[in-house]
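Accompanying notes for the structure given below.
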Amino acid sequence: MNSSELKIYTHNLELFYGDAQALKNININIDEKKVTALIGPSGCGKSTFLKTLNRMNDLIPNVKITGDVYFDGLNVYKEYDIVELRKKVGMVFQKPNPFPMSVYDNVAYGPRIHGIKSKSKLDEIVEKSLVNSALWDEVKDRLKKNALGLSGGQQQRLCIARVLAVEPEVVLMDEPTSALDPISTLKIEDLMDQLKEKYTIVIVTHNMQQAGRISDKTAFFLHGEIVEYDFTEKIFSNPTDKRTEDYITGRFG
């Protein structure tokens, strides 16, 4: 596979918060329409790396980034308008964060910002996004109700629907199930399995079993570096690096 066919790849990516280096020499190729899991102990750079992919770190003062991030062959930091980038590379956060408005308006929010005014078109987008986030059957009779009245698991699927509504190509998920109960967690995992038919998914997870269940490839981060990146099955059954094995078997982290 040549680099132009890769969805996302990085070259010597480094990130500093002031004088503290949070990412060191990150070189990774992320495959299209696959789930890539980022694992590792707290504070090892997983979420920081995830946020470089759609420039969420731009919002933090004193951040310095060197090296390159490429998305569809273009440099994210030099060749992309940030609004266009975030439309194509959506993000779902750890804690569900629906807007304090109706279920319908949450999903229609992005398309409206991007200039879609037609009610029939918005209706179609809202229904399709809620179907694709496995939420439609649960909320189709309460579209006008406040989204904050949904359960935590429903709110998180609504946040996924909100991302899907602007037709992204990549969905970033920062520990999307850590605030959810086991049943809601399984629903989101099943959903990811369906979504990768259409989207490239990158997920940060603390849950080893989750990474093993849902991802095609896994990157193990430690102290801001990628120690090992390979097919998930290999990482979990036969890692190359002793540190990966120690982490996966619970000797630290």
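All conditions but one from (1) within 12 Å of the chain's Cα centre (by Cα); (2) surrounded by fewer than 17 Cβ atoms within 10 Å (Cβ to Cβ) apply to GLU32; the one that does not is (1).
Applying the criterion of being assigned to a helix (DSSP H, G or I) and hydroxyl-bearing (Ser, Thr, Tyr) to the residues of the range 110-131, the residue that is surrounded by the most Cβ atoms within 10 Å (Cβ to Cβ) is SER129. Selection of the range 1-32 for residues being basic (Lys, Arg) and at pLDDT below 95 yields only LYS7.
Would you pick out the residues in the range 143-153 that are part of a helix (DSSP H, G or I) and either among the basic types (Lys, Arg) or surrounded by fewer than 21 Cβ atoms within 10 Å (Cβ to Cβ) (or both)?
Within the range 143-153, LEU148, GLY149, GLY152 qualify.
Of the residues making up the range 132-142, those that are part of a helix (DSSP H, G or I) and touching a residue at least 12 places away in the same chain (Cβ under 8 Å) are ASN132, GLU138, VAL139. Could you check, for the range 9-19, whether at least one of its residues is loosely packed, with under 12 Cβ neighbours inside 10 Å, in a strand (DSSP E or B) and of a type outside the set (A, V, I, L, M)? So far as the range 9-19 goes, yes, one or more of its residues are loosely packed, with under 12 Cβ neighbours inside 10 Å, in a strand (DSSP E or B) and of a type outside the set (A, V, I, L, M). Residues of the range 207-223 that are crowded, with 22+ Cβ neighbours inside 10 Å and either among the polar types (S, T, N, Q) or more than 15 Å from the chain's Cα centre (by Cα) (or both): GLN210, SER215, THR218, PHE220, PHE221.
Taking into account only those residues within the range 156-206 that are among the basic types (Lys, Arg) and in a helix (DSSP H, G or I), which is surrounded by the fewest Cβ atoms within 10 Å (Cβ to Cβ)?
Checking each candidate, the answer is LYS187.
Confirm whether PHE93 is modelled with pLDDT of 95 or more, among the hydrophobic types (A, V, I, L, M, F, W, C) and surrounded by fewer than 20 Cβ atoms within 10 Å (Cβ to Cβ).
In short, no.
The values are calculated or read from the model by the stated rules, or taken from the named source; none is laboratory data. Here the structure is a predicted model, which is why all the values come from computation and not from measurement. Ideal geometry is used to build each Cβ from the backbone, glycine not excepted, and the neighbour counts take in all protein chains shown.
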